[in-house]
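Comments concern the structure below.
Just so it is clear, none of the values below were taken in a lab; they were calculated from the coordinates. Predicted model only: the values in this text are computed from it and were never measured. Glycine also receives a Cβ, built like all others from the backbone with ideal geometry; neighbour counts cover every protein chain displayed.
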Amino acid sequence: MSTTSTISKKSAVSDPEQVSETMPKRKKMTVPAFTAAKGGRPLVCLTAYTAHVAHIVDEQADMILVGDSLGMVIHGMPNTLGVTMEHMIMHGQAVMRGAEKALVVVDMPFGSFEESPEVAFRNAARLIKETGCTAVKLEGGREMAPTIRHLTNRGIPVMAHVGLMPQQMNTAGGFKAVREKDQFDEVIKDAQAVEEAGAFSVVVEGVAVRLANKITKSVGIPTIGIGASVECDGQILVFEDMIGLFPRVPTFVKRYGNMEEMMRDAVERYSSEVRERKFPSDDYTYKMKAD
Ligand code: KIV
């Protein structure tokens, strides 16, 4: 890694003139401020798994999620079920080194919270202690309400996740969006139950536009949509999907860049230059120190 790319948390705000001209002054996002944003300007959320990406995303995002999607987009797993606490802690620590203003939330991986509220507390506390993140996210609706209540009563802010829940892919028979009218009430009840249990916000994944609208109107906490339309209070995408670095693109992902193409091009040009002995040219070599 070159020394010029070393992350400085201060670099983005070290020049006061640059701050006032190019971006509004931002305070560190807190859990109460995030909840209070319900119904106001849309909340910008993205995932990040590394320090440098977190540093870039932090310049714009209200919330950075260290999602268990890292199993798929970073570690090449077929789904999120194999992700461990150790994965989440390692990537959570990296993200915390790069993030300054955004609220950082770390996902609870499959198997770390379902068994009992006590097990969930132990693992959630570990994520917070060992990464320094502010909150955790867990998948589940009414069935997880007692666990959410247990955590929030003990000082752990929880972001919930309803609708399409990737950790339940085996019981659901795949990643299934919620599009049938007779499924709507169940998801609305889930969203209301997690709010009632104390969740400060809820991710709504893979639901029809009309359902997203109903959920957003039925709860007093911000709904953060992924594949859930503009009817949510905010949006989240997986960073690698958004920049075009992951080959499988779900319907709801808009690619804002094509990093895969850029990376392939860079690897090709580097390889040709090495083969032709053009790299490293004089500019990239050490000269002898004068005696
Ligand atoms: O793991 C993840 O990235 C997520 C988002 C898709 C919300 O849960």
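The Rg/Rh ratio of the chain, with both radii computed over alpha carbons and Rh defined as the Kirkwood radius, is 1.03. The range 66-108 and the range 267-291 have Cα centres lying 36 Å from one another. Taking only Cα atoms and a 10 Å spring cutoff, compute GNM fluctuations for the chain and point out the largest among V106, V202, V83. Fluctuation is largest for V83. Phi-derived couplings, Karplus 6.51 cos²θ - 1.76 cosθ + 1.60 at θ = phi - 60°, listed residue by residue for the range 71-86: x, 7, 7, 10, 9, x, 6, x, 7, 8, 5, x, 6, 10, 4, 5 Hz, with x used for Gly and Pro.
Residues whose amide H falls under 5 Å from that of G225, counting only those 5 or more places apart or on a different chain, are V204, D233, G234, Q235, I236, with hydrogens built in the peptide plane. Computing FRET efficiency as 1/(1 + (r/R0)^6) for K278 and R97, where r is the C-beta to C-beta distance and R0 is 35 Å, gives about 0.45. With 26 Å as the limit on Cα-Cα distance, the pairs of K101/K217; K38/K189; K38/K129; K28/K137; K25/K217 that go past it are K101/K217; K38/K129; K25/K217. Summarising the strand pairing of the chain, around 5 percent of its internal DSSP beta bridges are antiparallel. Between K137, K181, K129, the GNM of the chain built on Cα springs shorter than 10 angstrom shows K181 fluctuating the most. Here's how it looks for F279: its modeled amide H is under 5 Å from those of V274, which are all 5 or more places away or on a different chain.
Against the main long axis of the alpha-carbon atoms of the chain, helix 259-275 sits at an angle near 20°. As an exercise, use a Förster radius of 30 Å and the Cβ-Cβ distance of E196 and Y256 to find the FRET efficiency, rounded to the nearest 0.05. E between E196 and Y256, to the nearest 0.05, is 0.25. On the beta carbon distance between E143 and V209, with R0 = 25 Å, the FRET formula returns roughly 0.45.
With respect to the chain, whose longest principal axis is taken over its alpha-carbon atoms, helix 117-131 is tilted by about 20°. When shorter helices are ignored and each DSSP H run of at least 4 residues is given -39500 (n - 2.57), the per-residue value for the chain at 222 nm works out to -10500 deg cm²/dmol. Segment V119..T171, full-extension length gain: 16.5 nm, with 0.36 nm per residue of separation and the alpha-carbon distance subtracted. Each Cα pair under 8 Å and six or more residues apart adds its separation to the average, and for the chain the resulting relative contact order is 15 percent.
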